[in-house]
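I'd like to ask you about the structure that follows.
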Amino acid sequence: MIGVFDSGLGGLTAVRALEKIMPNENIIYFGDTGRVPYGTRSESTLLKYARQDLAFLRTHDINAVLVACGTVSSIAIDDLRSISDIPVVGVVEPSAEAAVKATKNRIIGVIGTGVTVASGSFNKAIKKIAPDAKVITTACPLFVPLVENGFIEKDNEITRLTAEKYLADIKASGADTLILGCTHFPIISDIIASVMPGVTLINSGEEAAKSIYTMMKNENMLLGDGGDLSYFVSDEISGFEKIAEMFLGHSINGQVRKINIEEY
């Protein structure tokens, strides 16, 4: 069983990829919808939240964890690995590797939450692989609440105008590759693509899912235990279900439960 967590809906981009890549593996997802967004929190608060999220997932019989959150992957991944006896995979390194492989002109854009961008995590990961790459980063703090509140349609004018504002500098740089450094962002990838035509978009959730699959396959950790999915949230279920079903393309009715994450 694979445990996946994020601050809210964004980690479903990783779940969607896991469903396709590992259809026979059980997945448990926790979205911390009661405390979203993570991208504006202090480091100490993020460490607390990340440890609680991991502790909750560990109450289930999981054998690997996917941290489907760019902010936690940037700030707390080493801390989580230090306290975990099972593999913990984040989104930063897999996305950096995919971007370096994809770029033709070595100009790579990165968008994420304010905390993620300020941490420089993606820059460091890219430069470690390709020291000659030029990296342009932009914080996009409004994208997460827009997604969480359902402003995700391809023709949504509010989200499109926000994207045009945020992406102007990266577009002007001539970047041919753009890392969507928060797992919420692929949910509005159609809008982002319309603002950045011809640019390769790197889906951080999808790249993390590929990475955990490769790791588990190499370590003989694939169990083929049925392909069941269960979802847990820390706020009301109804809002999560509606947008999750829209994005995943299938019903999750009856599979979502609310928990008190502060107990962990």
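Just so it is clear, none of the values below were taken in a lab; they were calculated from the coordinates. Every value quoted in this text rests on a predicted model; they were computed, and no experiment measured them. FYI the Cβ positions are ideal-geometry reconstructions off the backbone, even for glycines, and counts take in every protein chain you see.
If you take the square roots of the eigenvalues of the alpha-carbon gyration tensor of the stretch 186-264 and sort them as a ≥ b ≥ c, do you get rounded (a/c under 1.5), prolate (a/b over b/c) or oblate?
oblate
Give the shape of the stretch 125-227 as rounded, prolate or oblate, defined through the alpha-carbon gyration tensor: a ≥ b ≥ c are the square roots of its eigenvalues, a/c under 1.5 means rounded, and otherwise the shape is prolate if a/b is larger than b/c and oblate if not.
Note, shape of the stretch 125-227 comes out oblate.
For n ≥ 4 DSSP H runs only, could you compute -39500 (n - 2.57) per run for the chain, divide by its residues and tell me the 222 nm figure to the nearest 500?
-13500 deg cm²/dmol
Between residue 154 and residue 58, what's the calculated FRET efficiency when r is the beta-carbon distance and R0 is 35 Å? Round to 0.05.
It comes out at approximately 0.35.
If you take every residue apart from residue 80 with its C-beta less than 15 Å away from the C-beta of residue 80, what net charge results, scoring Lys and Arg +1 and Asp and Glu -1?
-4
What's the Kirkwood radius of the stretch 104-145 in Å, using all Cα pairs?
10.8
Output the pairs from 101/134; 128/217; 20/124; 104/134; 20/104 with a Cα-Cα distance over 22 Å in this structure; if there are none, say none.
128/217; 20/124; 20/104
Within a Cβ distance under 15 Å of residue 241, other residues only, what is the Lys/Arg minus Asp/Glu net charge?
Net local charge, residue 241 excluded: -1.
Continuing with this model, one more query. Compute the distance in nm between two label points, each set 7 Å from the Cα along the Cα-to-Cβ direction, one at residue 253 and one at residue 214.
The modelled label-to-label distance comes out at 4.0 nm.
Next question. Using Cα-only point scatterers and the Debye equation, what is log10 of I(q)/I(0) for the stretch 145-195 at each q in 0.26 Å⁻¹, rounded to two decimals?
Once normalised to I(0) and log-transformed, intensities are -1.08.
Sort the stretch 26-135 into rounded, prolate or oblate with this rule: let a ≥ b ≥ c be the square roots of the eigenvalues of the Cα gyration tensor; rounded if a/c is under 1.5, and if a/c is not under 1.5, prolate when a/b is larger than b/c, oblate otherwise.
It comes out prolate by the Cα gyration axes.
In nanometres, what is the gap between the two model label sites at residue 264 and residue 48, each 7 Å from Cα along Cα-to-Cβ?
1.7
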